[in-house]
1. Which of the strands (runs of 3 or more DSSP E) found entirely inside the stretch 119-190 contain at least 3 residues meeting this: surrounded by 17 or more Cβ atoms within 10 Å (Cβ to Cβ)?
2. Working only within the stretch 5-25, note down all residues that are over 19 Å from PHE139 (Cβ atoms) and either at pLDDT 95 or above or in a strand (DSSP E or B) (or both).
3. Scanning for something more than 24 Å from GLY127 (Cβ to Cβ), of a type in the set (Lys, Arg), without any contact (Cβ under 8 Å) to a residue 40 or more places away in the chain and not in a loop (DSSP other than H, G, I, E, B), does the stretch 213-221 turn up at least one residue?
4. Pick from VAL96, VAL112: which is in contact with a Leu (Cβ under 8 Å, 6 or more places away or on another chain) and either more than 17 Å from GLY268 (Cβ to Cβ) or in a helix (DSSP H, G or I) (or both)?
5. Those residues that are farther than 13 Å from ALA276 by Cα and either outside the structural domain of VAL196 (by TED's automatic domain parsing) or surrounded by fewer than 18 Cβ atoms within 10 Å (Cβ to Cβ) (or both), I need them from the stretch 234-250; list them, please.
6. Every residue in the stretch 25-50 that is crowded, with 17+ Cβ neighbours inside 10 Å and within 13 Å of GLY103 (Cα to Cα), please.
7. Test each condition in (1) under 21 Å from TYR3 (Cβ atoms); (2) in contact (Cβ under 8 Å) with a residue 60 or more places away in the chain; (3) surrounded by fewer than 21 Cβ atoms within 10 Å (Cβ to Cβ) for GLY103 and report the one that comes out false.
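The values are calculated or read from the model by the stated rules, or taken from the named source; none is laboratory data. A quick note: this is a predicted structure, and the numbers were derived from the prediction, not measured. Neighbour counts are summed over all protein chains in view; Cβ atoms, including those assigned to glycine, are modelled from backbone coordinates with ideal geometry.
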Amino acid sequence: MEYRLGVDIGAAKCMLALVAGDGPEIVTYQRMDTDAVLAGPLPPGLALAQAVQQLLERSRIECEDVLGVGVGIPGIVERDQNTVVACPNLEMLNRVALGSEMGAALGLPVFVNNDANLNTLGEYTAGGGSGMRQMAGVFVSAGIGCGLILDGALYEGGDGAAGEIGHTVIVPGGLACSCGSHGCLEMYCSAKALSVVAEELYGRAHISAGAVSEQTAARYAGAQLLIEQAHAGDEPARAALDQAFTFLGYGLANLANTINPRLIVLGGTIPFAWPAGLETVRQVVESTALPAARRNLRIEMSALQNYAGVLGAAALVSLRLGRAAGA
């Protein structure tokens, strides 16, 4: 049997998955802390190649049975060179020729792309976006990523930077963002944004003492605590989340007015942890987007949840090798 391997690298967690054939069947997968993979002594490409080799060994799969590897990173990629241009939330990947490094170590074709693009490609090929020729995927975790399917194809823009709505300015002269600008959307609705709010509400000591769990990286523990408090009925926490998803709603209204998709898939750790935010987003879009842009628009939660990225990465392998007729 032939396989494809998908790698989804997030700021806090990464997932590797072995996918059978050209379909969406995940044979095995592994989730791990991103720092545990990338913060060691090896260069990033070699470290990721080592993680891939270990997964294949545990699965008793030979490299020659793998068609290729798809990798999603939370940043901008030079598509032709598979080189990371910029990765604000994982700066150790900046200017790294990730595809070349991994490919040389594995002896396999490796294709690198933005993680939101691959999440969206996963939803399009294996999730709720099946058959939707005009759609967007918006994923809110450490930051905010967006992928676009236009006329049935993944749209990446002239330089691979299309869909970066997380870095559209929504508050002129606002909070400083890791991208170098000020007032970016992700500084008002993301794990990093909610962690700042949590420090203001509860204090850093409280967060450090009680919020870090095995499932959440310490740097975003404040966001976890804020959401936990909101579920427990804490009104300031609920108000903070309502404000965050209101900002997100304005961002999606702007997106709807710009590209007029029929579907926006919403995913990422923050919407999954606070699904009530979906209704807030829908209300804001309904009240602010142009009537023609919202008339046939659906906004839905991700059908694939945490598996969208690795399935999209596997779909990228098929797409680049000319094996995915539907992608």
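1. Working: elements: 134-140, 144-150, 153-155.
Here the list reads 134-140, 144-150.
2. Step one: list which residues in the stretch 5-25 are over 19 Å from PHE139 (Cβ atoms), which gives 5, 18-23, 25.
Listed by number, the residues that qualify are LEU5, LEU18, VAL19, ALA20.
3. No, the stretch 213-221 contains no residue that is more than 24 Å from GLY127 (Cβ to Cβ), of a type in the set (Lys, Arg), without any contact (Cβ under 8 Å) to a residue 40 or more places away in the chain and not in a loop (DSSP other than H, G, I, E, B).
4. Details: VAL96 fails: in contact with a Leu (Cβ under 8 Å, 6 or more places away or on another chain).
That would be VAL112, the only listed residue that is in contact with a Leu (Cβ under 8 Å, 6 or more places away or on another chain) and either more than 17 Å from GLY268 (Cβ to Cβ) or in a helix (DSSP H, G or I) (or both).
5. ASP234, GLU235, PRO236
6. If the condition is that a residue be crowded, with 17+ Cβ neighbours inside 10 Å and within 13 Å of GLY103 (Cα to Cα), then PRO44, GLY45, ALA47, LEU48, ALA49 are the ones that fit.
7. (2)
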